[in-house]
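Every number here is computed from the coordinates shown, using simple stated rules; none is lab data. Everything numeric here is computed off the predicted structure, so don't read it as measured data. FYI the Cβ positions are ideal-geometry reconstructions off the backbone, even for glycines, and counts take in every protein chain you see.
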Amino acid sequence: MVPRLTIAEDELTRVSRNLAAAFSEDPLAHAILGEWPSNESELAIDFFKAHILAGLSNGAVYTVGEDIPALVVAFGPGKEMDDEFPQWKDVIGRVPEANRLWRVNEFKVQYEDFIGKAYGVGRQRDSWYIMLLGVEISKQKHGLGTTLAEEGKVPLCWQTTTAPEFYGALGFEAVEKIRYLAPFGIGTVTQWAYISRPSTE
């Protein structure tokens, strides 16, 4: 696993395109973006670019493999990706208004309550927080995601709407669960909150 300080623009686009394909069935990304992520959606590609660039700017980005088939974006204690990050503002500004309003008025309110119950009010930002963990579709089930998830030697917080069995098998403890009523026919979206505590041995 390699910490990254920079990623070339063409490489960033390719990796983001692969992540958009990998998250093509993620219902929360669908609700936020107003469309299912895909490697043909410029909005979805820029969505993942924004996460990676925010990590490079104010957090940490770790990759596996020469072609970056797997990547994790994390933020350390006291740091986060906020709505004022320029690339993120650009993405959100292109999202359909109804989805943008749902994210601000419903999702974010419920999410803050959710993580407060999961970790204690204001405590998520006391630990390293995984913002994004993704593996290129063709390289999934090869242990790359496991390598990224298991590498940390510090407490980690993480939420996911997909693959809960994967994180449970790695020893992440599920501490809370929430169901959002997503708009526009998406239906109910379930999200799990996890914490990983490093071994003291």
For L132, the residues 5 or more places away or on another chain with a placed amide H closer than 5 Å to its own amide H are V73
Could you give the dipole magnitude of the chain about its Cα centre, charging the beta-carbon of Lys and Arg +1 and that of Asp and Glu -1, in debye to the nearest 20? 400
Based on Cα coordinates alone, diagonalise the gyration tensor for the chain, multiply each eigenvalue by 5, take square roots, and list the semi-axes in whole Å, largest first. 23, 22, 16
Please name which of F48, T188, G122 has its Cα lying farthest along the dipole of the chain towards the positive end, using unit charges on Cβ (Lys, Arg +1; Asp, Glu -1) and the Cα centre as origin. G122
Please give the FRET efficiency for V175 paired with D126, using the beta carbon to beta carbon distance and R0 = 22 Å, rounded to the nearest 0.05. 0.95
Suppose R0 equals 41 Å; then what is the FRET efficiency for V104 and A8 from their Cβ-Cβ distance, rounded to the nearest 0.05? 0.75
